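Below you'll find the structure, written out as structure tokens, and then a few comments.
Nothing in this text is a laboratory measurement; each read-out follows from the coordinates by a stated rule. Only a predicted model underlies this, so the values are computations on that prediction, with no experimental measurement involved. All Cβ positions, glycine included, derive from the backbone under ideal geometry; neighbour counts span all protein chains shown.
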Amino acid sequence: MSIISNESWFSRLTGSLKGIAIGGLISLVAFPLLFWNEGRAVHRAQTLADGRGAVQDNVSNQRVDSSMEGKLVHMTGTAESTATLTDEKFAISVDNAIRLDRVVEMFQWQENEKTQSKKKVGGGRRTTTTFEYERVWSSSPIDSRGFQQSEQERYGSGNPPMPFASESYVAPEVNFGAFKLSKNQIDRINSAEPVQLAQPKVFEFNSEDSKPLKLVDNQYYQSDDPSNPRVGDIRIKFTTIGPTDVSFIYQQQGRSFVPQKFSQGTIALFSEGSKTADELFTEAETANNMLLWGLRLGGILMMAFGIGLILRPLAVLSDVIPFLGGLVGFGVAIIALLVAGALSLVTISIAWLFYRPLLAITLLVIAAVMIFLARRFLRQNRSNVIEIDQPVVLG
């Protein structure tokens, strides 16, 4: 199914003028985001450096050492539970489990939208929006009432409500040698394995549900034909977390653990498997750098998008001649990226000026070069527009 809409040049121009205020706001938000990100990265790096110097390496978890109380400790060992976790609805029980998860999916219709726009002579725009429908397994309910194509036209009925929800059951206590893991630590254990299911019995399933359960490929199906599912069919799998080797760096507090506070932040490093303190800190430093560069790129693109909205009326004005509008639009995008890059580098430099003056000065020099290139590109683009722009008689 496709919907075609036409927008006049005047309507597009009006919309682009309204976008100037939105673009200005987006650009302004990018400045504090970039500044905050630099400070966050510096504080995190300092916190990790403080932690490296303070950590008590390879502390045994087989006994509670009172001399380690309140200190940052690195431990490795096995997290385990004596709890039996049960999903009463489906009569599934797992012994010695840290967590038991029920994952429910329903076969549903999903709407996919694809939009294509084409400029027209005179500055207007023709937009074709195509809606396509496919059936997918989804653990979240998809509301088909908002679909573009009516349910009756498509398949006769909408997605029904999901009869079951996914559930998680967590052991109240998880042992770690002579210690107990905190809730924060338990929540960070994610190495789940499938529960081996048995053929369901009639009495294990609620009688109000119309279809019985079938066991196929270690999953329960509520379906007439699991190999050829219909909309509304359900499949359910169970996963569990048993004894798991973990490594972490936390503050020892009694028989449990809490994040360690430092002047610039806190340390609570955790990983599955057996890892040294150096490996845990290296992973944290890598994550900090990845977040730093990710937010830098996000801030620059946000600013470029905002500047692009501010300059967009220039491209729309030129769209009276589609070819000319394309050239101006490309120029606007280049200028937006260059200006955003320059302003972002200035912001980053100011933030780093308090921490690494040499790096800040280097970034300021690069920003100056980018501003110079942006001004030069703008002058050249303006000259090209003057040469191309000839009187056009329409009609």
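Just a few scattered comments:
- For segment 17-141: rounded, prolate or oblate by the Cα gyration tensor [a/c cutoff 1.5]: oblate
- Take the Cα radius of gyration of segment 230-308 and divide it by 2.2 N^0.38 Å, N being the number of residues; the result is 1.76.
- Ser263 versus Met290: modelled label distance in nm, points set 7 Å from Cα along the beta carbon direction: 3.0
- Amide proton proximity set for Ala97, modelled H, under 5 Å, gap of 5+: Ala83, Leu85
- Bridging of Lys214 to aspartates and glutamates at a Cα separation below 17 Å is possible for Glu105, Glu204, Asp224, Asp225, Asp233, once same-chain residues fewer than 8 apart are set aside.
- Of Lys211/Lys237; Lys237/Lys275; Lys180/Lys275; Lys183/Lys261; Lys18/Lys114; Lys89/Lys180, pairs whose Cα-Cα distance is over 21 Å: Lys237/Lys275; Lys18/Lys114; Lys89/Lys180
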